[in-house]
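Working notes, structure below.
The values are calculated or read from the model by the stated rules, or taken from the named source; none is laboratory data. Please read these numbers as outputs of a predicted model, since none were measured by experiment. Quick reminder, even Gly has a Cβ in these numbers, built from the backbone with ideal geometry, and neighbours come from all protein chains shown. Note: accessible area is taken over every heavy atom of the protein model, side chains too, but ligands, DNA and RNA are not part of it. Shrake-Rupley method; radii C 1.70, N 1.55, O 1.52, S 1.80 Å.
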Number of protein chains: 2
Amino acid sequence: MNITAAYTDLYQITMAQVYFETKPNGRAVFDYYFRHNPFKSGYSIFAGLEDVLTSLETLKFSSSDMTYLKAKGFESDFLDYLENFSFKGSIYSCQEGDVVFPNRPILQVEANIIEAQIIETFLLNILNFQTLIATKASRIKYSAKDGVLLDMGLRRAHATGGYYASRAAAIGGFDSTSNVKAAEDYAIPSTGTMAHSFIQSYEDELQAFRDFAKVRPDNCVLLIDTYNTLKSGLPHAITVAKEMEERGERLLGVRLDSGDLAYLAKKTRQILDDSNLGYVKIVVSNQLDEYVIKSLKEQGAPIDIFGVGTNLVTGKPDAALAGVYKLAAFNDTPRIKLSENIIKTSLPFKKQVYRMIDDNGMFYGADAIAIHSETKVSKMEHPFDITKSLELNRFKHEPLLNQVMKDGKRTIPVRTVAEIAEYSQLRLKQLPNEYKRFQNPHIYKIGLSSQLKKERDALINLHKF
Amino acid sequence: MNITAAYTDLYQITMAQVYFETKPNGRAVFDYYFRHNPFKSGYSIFAGLEDVLTSLETLKFSSSDMTYLKAKGFESDFLDYLENFSFKGSIYSCQEGDVVFPNRPILQVEANIIEAQIIETFLLNILNFQTLIATKASRIKYSAKDGVLLDMGLRRAHATGGYYASRAAAIGGFDSTSNVKAAEDYAIPSTGTMAHSFIQSYEDELQAFRDFAKVRPDNCVLLIDTYNTLKSGLPHAITVAKEMEERGERLLGVRLDSGDLAYLAKKTRQILDDSNLGYVKIVVSNQLDEYVIKSLKEQGAPIDIFGVGTNLVTGKPDAALAGVYKLAAFNDTPRIKLSENIIKTSLPFKKQVYRMIDDNGMFYGADAIAIHSETKVSKMEHPFDITKSLELNRFKHEPLLNQVMKDGKRTIPVRTVAEIAEYSQLRLKQLPNEYKRFQNPHIYKIGLSSQLKKERDALINLHKF
């Protein structure tokens, strides 16, 4: 499947037809944000922006899309419009890889409302998923500390979504991927070991190891649990490691893929060390996630490399980030969506978000949301609790939403996955550790400028019943 | 991203190189199966086969794949092999849409081992995901009974995996999708309503409804919860419905997307009926899954159409089906993989699976696995419990694995999603209801022919420590 403008929900096109016939020149501002961090995390890692910008620059309805939409019964004037459709709007966004938080805009689209609606589904689809996976990857990196992380989830990923999962995992801190296509297109280091089937295809395990090491001596990792880890796989691997030494080569590692990984890693380390193979690394895999890795670390398991699959690429257990795209202004008039749950009430106006930076260059733990036209925000107020506010004059104010697209063309240089991943690590260093812990992480504050709060409350009063 | 042969794990190519240099003509049989039904379901719906066959017929490494692999340092002889790579093997499979169960082969690949390895990741990626989603969809259909089901999950799907999710949802029993691209390519009915942003773009809700109904009177569904469902949205929708009647048109429905759906649906139904709008349907959405729908049904909520999104397309809470691909034979010799957990021991030999059909044409609840060459299976034995066996002579034996590809070309006609969905419903009718309930469903039996069990146990003894 190629991504075309038909990668959308039908209602976007239906609504677009109504706009086309009733107010074709309406200008809209939409906010992209989410209401909760995934995984009960104290932060999220924003990912997917480069893919969005790249696709938006060339997004069209294909000729087969047009044939389909014609058959759906859309009017010919409107079909002509769709045939010539392109996105010609502006986008303001946080940097990809930044540490972001709930309930403040991460990205704003300012465009003709028809264009803004047609791209909504694609934009949500890419940003929601990659932000989910980059966040999961970041948490796994946090628990693995200096352990090397390998993404190997493609076989359990959601079909071709696995391609984007591998990209987002690299942004979140994974060192390499097994996914050849993603590695190729996104310049992510690719690595891999061997499968049980390789060993099974031989009459005996030792010969399988020997053949593999002879043909692929570089970065050779032997999988040692096909028959019995300690009684068969490890002794055979040691034999091969010694044979490699005679050829002037070095076995990179052995991989454990079943059983009690903490126990087996310790035993394996000890036996390798006793065999003067202290340089042979231990790779583990098998249903790892941030909690299993944290437990392995706490047990002192001497593991060098963690291979993570299903739990990473599917973003288990959440499986989705529920990011939304809400109308904030139409033809320069602020717009609001109410809800029975006041927390879900949307924020009107084109906005800016300021991050408060303390004297040490660290995040203070507060983002202030203001109307875009405000020049000075000296205080932020809690969105709903009138007893709470924060003076902001003592902080450096970093504006987070910067223009990345204008008139449908990107205005920032292309950034590689490696550059985005590096930026993400720098930003994470600015985030105090209490936001990173897994148990009840500290809650990062959100506040509204006094003007935004006043104007929002007036709109609530206008629409409430 | 286009699907090419590089949509694989790097280790498949690494292993392929070793095979290429040491035993390039090895013939392998691999089994595809999974060990547990997802969602604690009593059955699964097999999906994804058509996509696999279609891709396999033309799967190649692209020129950019070859450039990448050359840069990875693979040898030139082997690169020549990859440049000319195509899948030339055979596939034996259950029919797509069939009701399937754990721990018996659903599909077998018989091919040169290099080809069989290179396609492994792609095959698992497509079958695991679509089987997961088709099973979820089937469960949702079971709880919705005669309610109409609309897939609207694309914005929360795993990037382009959403395309395959919509296909699998249709196979599992969904009536339509919001996903235009999937609808177009797979001939799935597409439907949609309107978004809150549409209403917010107007000064008042009534005018928004009026414009929409005028431009799109066919299949018009008005979203009534933007400001207040019962005090604003519903009265406005009734006004527009009456105006439509004057034009000889009919409002199709109103949609509830927040609040207590059971309460609001009952109230809405009553008010619509009191307004002589008994024909206006009630559509609900908002974090639905099989359990929420079951509860709404039990409460007697008068809902006609259920829109299901995130929980469907992400296969929550499981998020993955852990299907595996295990070597069963190599060069006509049976192969086994042991495990510390005996249940995970693989089954050797090229095999056939027979489903037992009773006198009424219903599934008896037992699939028997035999070595492919066995002609008569009169008894099946429990895989591990020597006290249990079942006489099979009284049943009709339906062979489930039939050839679908030979020499890399499909041997069965193309089947549309609609045909597969229809077949799936017929097969579900043959499955007794006790396998369909959500709480502790009846466990469908698996058994081995006496010969397969004897041969497997001999192989276990050969490799055990």
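Yes/no matrix, rows are residues, columns are (1) free of Cβ contacts under 8 Å to residues at least 24 places away in the same chain; (2) within 14 Å of chain A (Cβ to nearest Cβ); (3) touching a Gly at 6+ places or on another chain (Cβ under 9 Å):
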position: B:Val324; (1), (2), (3): no, yes, no
position: B:Asp332; (1), (2), (3): no, yes, no
position: B:Lys337; (1), (2), (3): yes, yes, no
position: B:Thr345; (1), (2), (3): no, yes, no
position: B:Met356; (1), (2), (3): no, no, yes
position: B:Tyr364; (1), (2), (3): no, no, no
position: B:Asp385; (1), (2), (3): yes, no, no
position: B:Ser389; (1), (2), (3): no, no, yes
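If you take the residues in segment B:366-383 that are among the small types (Gly, Ala, Ser) and without any contact (Cβ under 8 Å) to a residue 40 or more places away in the chain, which one is nearest to the other protein chains (Cβ to nearest Cβ)?
Out of the qualifying residues, it is B:Ser373.
So how many residues does segment A:171-195 have that are open to solvent by 20 Å² or more (accessible area, probe 1.4 Å) and free of Cβ contacts under 8 Å to residues at least 40 places away in the same chain?
Start the filter on segment A:171-195 by keeping residues that are open to solvent by 20 Å² or more (accessible area, probe 1.4 Å), which leaves A:175, A:184-187, A:189, A:191-192.
Now drop any that are not free of Cβ contacts under 8 Å to residues at least 40 places away in the same chain, which leaves A:175, A:184-185, A:189.
Here the count works out to 4.
How many residues does segment B:405-443 hold that are over 30 Å from B:Asn112 (Cβ atoms) and under 15 Å from the mean Cα position of the chain (by Cα)?
Counting residues in segment B:405-443 that are over 30 Å from B:Asn112 (Cβ atoms) and under 15 Å from the mean Cα position of the chain (by Cα) gives 11.
Only one of these conditions is not met by B:Gln17: (1) more than 9 Å from chain A (Cβ to nearest Cβ); (2) more than 30 Å from B:Arg167 (Cα to Cα). Which number is it?
For B:Gln17, the failing item is (1).
Of the residues that make up segment B:235-244, is at least one within 14 Å of B:Met194 (Cβ to Cβ), at pLDDT 95 or above, open to solvent by 30 Å² or more (accessible area, probe 1.4 Å) and outside any loop (DSSP other than H, G, I, E, B)?
yes
Can you confirm whether segment A:344-355 contains a residue that is β-branched (Val, Ile, Thr), within 28 Å of A:Tyr142 (Cα to Cα) and not assigned by TED's automatic domain parsing to the domain that holds A:Asn125?
Within segment A:344-355, none of the residues are β-branched (Val, Ile, Thr), within 28 Å of A:Tyr142 (Cα to Cα) and not assigned by TED's automatic domain parsing to the domain that holds A:Asn125.
Do we find that B:Pro432 is loosely packed, with under 12 Cβ neighbours inside 10 Å and not aliphatic (A, V, I, L, M) in this structure?
So B:Pro432 does not fit the description; no.
Residue check: is A:Glu57 out of contact with any strand residue (DSSP E or B) (no Cβ under 8 Å at 6 or more places or on another chain), in contact (Cβ under 8 Å) with a residue 12 or more places away in the chain and open to solvent by 10 Å² or more (accessible area, probe 1.4 Å)? Spell out the reasoning first.
Working: out of contact with any strand residue (DSSP E or B) (no Cβ under 8 Å at 6 or more places or on another chain): no; in contact (Cβ under 8 Å) with a residue 12 or more places away in the chain: yes; open to solvent by 10 Å² or more (accessible area, probe 1.4 Å): yes.
For A:Glu57, the condition - out of contact with any strand residue (DSSP E or B) (no Cβ under 8 Å at 6 or more places or on another chain), in contact (Cβ under 8 Å) with a residue 12 or more places away in the chain and open to solvent by 10 Å² or more (accessible area, probe 1.4 Å) - is not met.
Give the residue, chosen from A:Ser138, A:Ser178, that is within 14 Å of chain B (Cβ to nearest Cβ) and in contact with a strand residue (DSSP E or B) (Cβ under 7 Å, 6 or more places away or on another chain).
A:Ser178
Could you tell me how many of the residues in segment A:116-162 are on the phi < 0 side of the Ramachandran plot and either open to solvent by 10 Å² or more (accessible area, probe 1.4 Å) or outside any helix (DSSP H, G or I) (or both)? Talk me through it step by step, then tell me what you get.
Taking segment A:116-162 and keeping what is on the phi < 0 side of the Ramachandran plot, we get A:116-144, A:146-158, A:160-162.
Next, only the ones that are either open to solvent by 10 Å² or more (accessible area, probe 1.4 Å) or outside any helix (DSSP H, G or I) (or both) stay: A:119, A:141-142, A:146-153, A:155-158, A:160.
Going through segment A:116-162 one residue at a time, the tally reaches 16.
So that you can scan it fast, the table gives a plain yes or no per residue for (1) under 22 Å from A:Leu431 (Cβ atoms); (2) among the small types (Gly, Ala, Ser); (3) in the same structural domain as A:Lys429 (by TED's automatic domain parsing):
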| position | (1), (2), (3) |
| --- | --- |
| A:Ile342 | no, no, yes |
| A:Asn360 | yes, no, yes |
| A:Ala366 | yes, yes, yes |
| A:Ile369 | yes, no, yes |
| A:His372 | no, no, yes |
| A:Lys379 | no, no, yes |
| A:Thr387 | no, no, yes |
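Where residues in segment A:330-378 are touching a Pro at 6+ places or on another chain (Cβ under 7 Å) and over 24 Å from A:Tyr435 (Cβ atoms), which of them is modelled with the lowest pLDDT?
By that ranking, first place goes to A:Ile336.
From the list A:Lys88, A:Lys70, pick out the single residue that is over 19 Å from the mean Cα position of the chain (by Cα), in contact (Cβ under 8 Å) with a residue 40 or more places away in the chain and open to solvent by 20 Å² or more (accessible area, probe 1.4 Å).
A:Lys88 is the lone residue from the list that is over 19 Å from the mean Cα position of the chain (by Cα), in contact (Cβ under 8 Å) with a residue 40 or more places away in the chain and open to solvent by 20 Å² or more (accessible area, probe 1.4 Å).
I'm told A:Ala187 meets every condition in (1) of a type in the set (A, V, I, L, M); (2) under 12 Å from the mean Cα position of the chain (by Cα); (3) on the phi > 0 side of the Ramachandran plot except one. Can you identify the failing condition by its number?
A:Ala187 satisfies all of (1) of a type in the set (A, V, I, L, M); (2) under 12 Å from the mean Cα position of the chain (by Cα); (3) on the phi > 0 side of the Ramachandran plot except (2).
Which ones in segment A:163-175 are outside any helix (DSSP H, G or I) and either within 7 Å of chain B (Cβ to nearest Cβ) or not charged (D, E, K, R) (or both)?
A:Gly173, A:Phe174, listed by residue number.
Do we have any residue at all in segment B:423-437 that's more than 20 Å from B:Ser44 (Cα to Cα) and in contact with an Asp or Glu (Cβ under 8 Å, 6 or more places away or on another chain)?
Among the residues of segment B:423-437, not one is more than 20 Å from B:Ser44 (Cα to Cα) and in contact with an Asp or Glu (Cβ under 8 Å, 6 or more places away or on another chain), which makes the answer no.
Given the criteria touching a helix residue (DSSP H, G or I) at 6+ places or on another chain (Cβ under 9 Å) and open to solvent by 60 Å² or more (accessible area, probe 1.4 Å), does A:Pro302 qualify? Steps first, answer last, please.
Numbers: touching a helix residue (DSSP H, G or I) at 6+ places or on another chain (Cβ under 9 Å): yes; open to solvent by 60 Å² or more (accessible area, probe 1.4 Å): no.
Here the answer is no, as A:Pro302 does not meet what is asked.
Take B:Tyr325 and decide whether it is within 23 Å of the chain's Cα centre (by Cα) and open to solvent by 30 Å² or more (accessible area, probe 1.4 Å).
no
Filter segment A:186-222 for residues that are in a helix (DSSP H, G or I) and either at the interface with chain B (Cβ under 7 Å from one of its Cβ atoms) or of a type in the set (Val, Ile, Thr) (or both) and give the result.
Passing the criteria: A:His196, A:Ser197, A:Phe198, A:Ile199, A:Gln200, A:Asp211, A:Phe212, A:Val215.
Restricting attention to segment B:20-63, and to residues there that are in contact with a Phe, Trp or Tyr (Cβ under 7 Å, 6 or more places away or on another chain) and within 22 Å of A:Gly307 (Cβ to Cβ), which single residue is nearest to the other protein chains (Cβ to nearest Cβ)?
B:Phe30
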